[in-house]
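Read the structure below first, then the notes.
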Amino acid sequence: MPLINGLHHVTALASDPQQNIDFYAGILGLRLVKKTINFDAPDVYHFYYGNEAGSPGTILTFFPYGGLVRGRHGKGQLTTTSFSIPSESLGYWTERLKKFNVPFQQPQERMNEGFIYFEDHDGLGIELIANNKDERPGFSYGNVEEKHSIKGFHSVTLSEDGYEKTAGLLTVYMEHKKVAEQGNRFRYSASGKVGDMVDVVCEPDRLRGLQGAGTVHHLAFSTSTDETIVQMQQKLLKAGVHATNVLDRQYFHSIYFREPGGILFEVATNPPGFAIDEEPAHLGEKLKLPSWEEPNRPMIESGLKPIILDWKKFI
Ligand code: ZN
């Protein structure tokens, strides 16, 4: 069994929670599959957006710290999270972004695929990449029709001084292979499939990134079981990479470590998944707390800004 399957989730920092929900669930039509708290800072929400089930490789999560100042995109960061859309849907998406006054760059092409780049209200870099290689089904949860829906990740872009060290970690220890190269962009993947691509872009002259709203906090890779995550941890420790203990994140179990360029990586188990504490038909509807925070629910709820998902605003 491979120790790494591909991508699991991307976690980013945001400011206002309501604007965050409006953008990702309302405009982009992702499903809010879990509404919980930051387990390390219970006064902050943790939102998980994904496809219908919140499958690994579709999940973008946010810690929306109200009032958090913007960060700076740069080296040592995951600078762009790219989602996969059907090849005929670019026009639909440019119209939809216009309709909701989201500025976007004119469509461009990379490695024979058309894409559009835009940023959320905090400046987080997002792309929609049109392609006909993605076999994952679409879904509709809100106002984006299934035939145009975002299917999950396409790839992520890491900005680095050089590609060699990060590529070494990915290929020697994390089951990735080089699958493409264009200019200063080197593409790796564990599965070879759309949704599992990691683009390492060499930008030695760029400033280093600074963490804040609109920047990515970490990138998580998928592993299959509680056995494979321990094997991965031991493999990293033997290689001199300081991986943490396995932590219980309620919906998956995780280890964390820094890649050589400074980006925080995580390896997360696919099980148990988001249906562990809510029915699949009702994911994301209630504020879910881990069992150890349940006694503090009244205090936690009173400290969080109420949010609503008003679909009618995003037709
Ligand atoms: Zn994570």
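No value in this document is a laboratory result; all are computed from the given coordinates. These numbers come from a predicted model, not from an experiment. A quick note on method: Cβ atoms are made from the backbone with ideal geometry, for glycine too, and the neighbour counts reach across all protein chains shown.
Can you tell me the length gained on complete extension of the stretch K99 to Y256, counting 0.36 nm per residue apart and subtracting the Cα distance? Please report the intermediate quantities before stating the final value.
Details: separation 157, 0.36 × 157 = 56.52 nm, distance 3.95 nm.
Result: 52.6 nm gained on full extension.
Quick check on my link table: of K147/K288; K151/K238; K34/K151; K193/K238; K165/K235, which ones sit more than 26 Å apart, alpha carbon to alpha carbon?
Numbers: K147/K288 31 Å; K151/K238 37 Å; K34/K151 18 Å; K193/K238 29 Å; K165/K235 17 Å.
From K147/K288; K151/K238; K34/K151; K193/K238; K165/K235, over 26 Å: K147/K288; K151/K238; K193/K238.
Taking only the alpha carbons of region 158-315, what extent do you get along each of the three principal axes, in Å, biggest first?
The Cα atoms of region 158-315 stretch 50, 40, 29 Å along the principal axes, largest first.
I'd like to know how region 1-131 sits against the 2.2 N^0.38 Å rule of thumb: what's its Cα Rg over that expected value? Write down the numbers at each step before the final one.
Values: Rg = 15.2 Å, N = 131, 2.2 N^0.38 = 14.0 Å.
Normalised Cα radius of gyration, region 1-131: 1.08.
For I300, what charge total do you get from the other residues with a beta carbon under 15 Å from its beta carbon, if Lys and Arg give +1 and Asp and Glu give -1?
Numbers: positive: K35, K286, K288, R297, K305; negative: D40, D43, E293, E294, E301.
Local net charge: 0.
Treating cross-link reach as a plain straight distance, find the aspartates and glutamates whose alpha-carbon is under 13 Å from the alpha-carbon of K305, omitting any fewer than eight places away in the same chain.
D16, D43
With N set to the number of residues, divide the alpha-carbon radius of gyration of the chain by 2.2 N^0.38 Å and report two decimals.
Working: Rg = 18.5 Å, N = 315, 2.2 N^0.38 = 19.6 Å.
Taking N as the residue count of the chain, the ratio is 0.94.
For the peptides 92-101, 58-67, 24-33, what is the packing order when you average, over each peptide's residues, the other Cβ atoms within 10 Å and list the highest mean first? All intermediate terms of the calculation are to be shown ahead of the outcome.
Working: 92-101: 14.5, 58-67: 21.6, 24-33: 23.7.
Those peptides, ordered most packed to least, come out 24-33, 58-67, 92-101.
So how much slack lies between R249 and S140, counting 0.36 nm per residue of separation and subtracting their Cα-Cα distance, in nm?
Values: separation 109, 0.36 × 109 = 39.24 nm, distance 2.73 nm.
Going from the current span to full extension adds 36.5 nm.
Between W311 and E88, with labels modelled 7 Å along Cα→Cβ, what's the label distance in nm to one decimal, could you check?
A separation of 2.5 nm, rounded to one decimal place.
Using just the C-alpha positions of region 61-106 as equal point scatterers, what log10 of I(q)/I(0) does the Debye formula give at each q in 0.14, 0.21, 0.34 1/Å?
Result of the Debye calculation: -0.59, -1.02, -1.18.
Can you give the helix-only mean residue ellipticity at 222 nm for the chain, where every DSSP H stretch with n ≥ 4 adds -39500 (n - 2.57) and the sum goes over all residues, rounded to the nearest 500 deg cm²/dmol?
Values: 5 runs with 40 residues, N = 315.
Mean residue ellipticity, 222 nm, calculated: -3500 deg cm²/dmol.
In nm, to one decimal, how far is the modelled label at A239 from the one at E227, with both set 7 Å along Cα→Cβ?
That separation, rounded to one decimal, is 2.2 nm.
For the ranges 167-180, 194-207, 299-312, what's the packing order if you count other beta-carbon atoms within 10 Å of each residue, average per peptide, and put the highest first?
194-207, 167-180, 299-312
Name all residues of region 128-162 having a backbone nitrogen under 18 Å from the label point set 7 Å from the Cα of E109 along its Cα→Cβ direction, giving them as ranges.
In region 128-162, the label zone of E109 (backbone N under 18 Å from the point 7 Å along Cα→Cβ) covers 128-133.
All other residues with a Cβ under 11 Å from the Cβ of D122 taken together, and with Lys, Arg as +1 and Asp, Glu as -1, what is their net charge? Please list the in-between numbers first.
Values: positive: R70; negative: D16, E119, D120.
Within the 11 Å Cβ shell, the charges total -2.
When DSSP assigns beta bridges and you keep just the ones with both residues in the chain, what percent turn out antiparallel, to the nearest 5? Kindly include the intermediate steps, with their values, before the conclusion.
Values: 50 of 77 bridges.
DSSP beta bridges in the chain are roughly 65 percent antiparallel.
Which order do the peptides 141-148, 239-246, 185-192 take when ranked by the mean count of other beta-carbon atoms within 10 Å per residue, highest first?
Working: 141-148: 16.2, 239-246: 12.4, 185-192: 19.6.
Those peptides, ordered most packed to least, come out 185-192, 141-148, 239-246.
Just to be sure I understand the model, the point goes 7 Å from the Cα along the line to the Cβ. What's the resulting Y117 to E285 distance in nm?
It is 4.1 nm.
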